[in-house]
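Just below is one structure, and these are the notes that go with it.
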Amino acid sequence: RTRRRRARHDPAEGGLSAGACGILIAARDNPAALWAQIEALVECDLPDDDEVVVVDDASGAETQALLARLEGDVAIHRTDRPVGRRAALAGAAKAARAEVCIALASVCRPHPGFVDPLIEAVLAGATLAAPAIETGAGVVHGYRVAGDGSLWPLAAGEGAPDALALDCVAARRGWWLERQPLAAARECHPEVAVAQAVERLAVAAAARVARV
């Protein structure tokens, strides 16, 4: 099996714990990135009641072969035709059972301990929560949006962000099902479009992921 699991709750109690989460991945013809992401999740030693849901957005043979290897270790759903990342994430959220879902972009490699701070931020009232993002240029704690719409990375202690990095984003399941904003790239950065559509953003600095 590809995943090591530990229980966050007493299995005798049944069902999911209040702190369970669904981890959503929209896969589209990038098997190397998907495999690296799954390996990173294995190292996170996720609790037994966390779910990993992969929606295959009509990928080709290589991704299909990888998904066949993952059957039974992650929940896999497939689309008959390409639907795009937004619709694929909505499909993943529909398949998930947890109240809080965390969507991972293909560039995201989570570090151990990334889940619980994000869940706590959402359950405390954040519409969206993101971790600190480790990049080649430093650690990003969200963005300041300049007057011309450009994004300026924030370091720790530089104040509340105007927008979040979208590498890894947590929200209640209903947001993924209904409230993901649509914005053409020519209108603004997707990070800005998302920020404009939500009430409260939070960076859970104790959660860390890497951007590759």
Q: Could you tell me the accessible area of Trp35 in Å² (1.4 Å probe, neighbours in place), rounded to the nearest ten?
A: 70
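Using only alpha carbon pairs under 8 Å that are at least six residues apart, calculate the relative contact order of the chain and give it in whole percent. Working shown, then result.
Details: 446 pairs, mean separation 49.2, N = 212.
Relative contact order of the chain: 23 percent.
Distances longer than 31 Å among the Cα atoms of the chain: what percent of all pairs is that?
16
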Q.
In Å², and per residue, what accessible area does the chain have when probed at 1.4 Å with the other protein chains present?
A. 47
Q. Considering only DSSP beta bridges whose two residues both sit in the chain, what percent are antiparallel, to the nearest 5?
A. 40
Q) Shape call for region 106-209 from the C-alpha gyration tensor, a ≥ b ≥ c root eigenvalues: rounded (a/c under 1.5), prolate (a/b greater than b/c) or oblate? A) oblate
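The values are calculated or read from the model by the stated rules, or taken from the named source; none is laboratory data. Note that the coordinates shown come from a computational prediction; the quantities given were computed from them, not determined experimentally. With ligands, DNA and RNA removed, areas are computed over all heavy atoms of the protein, side chains included. Shrake-Rupley method; radii C 1.70, N 1.55, O 1.52, S 1.80 Å.
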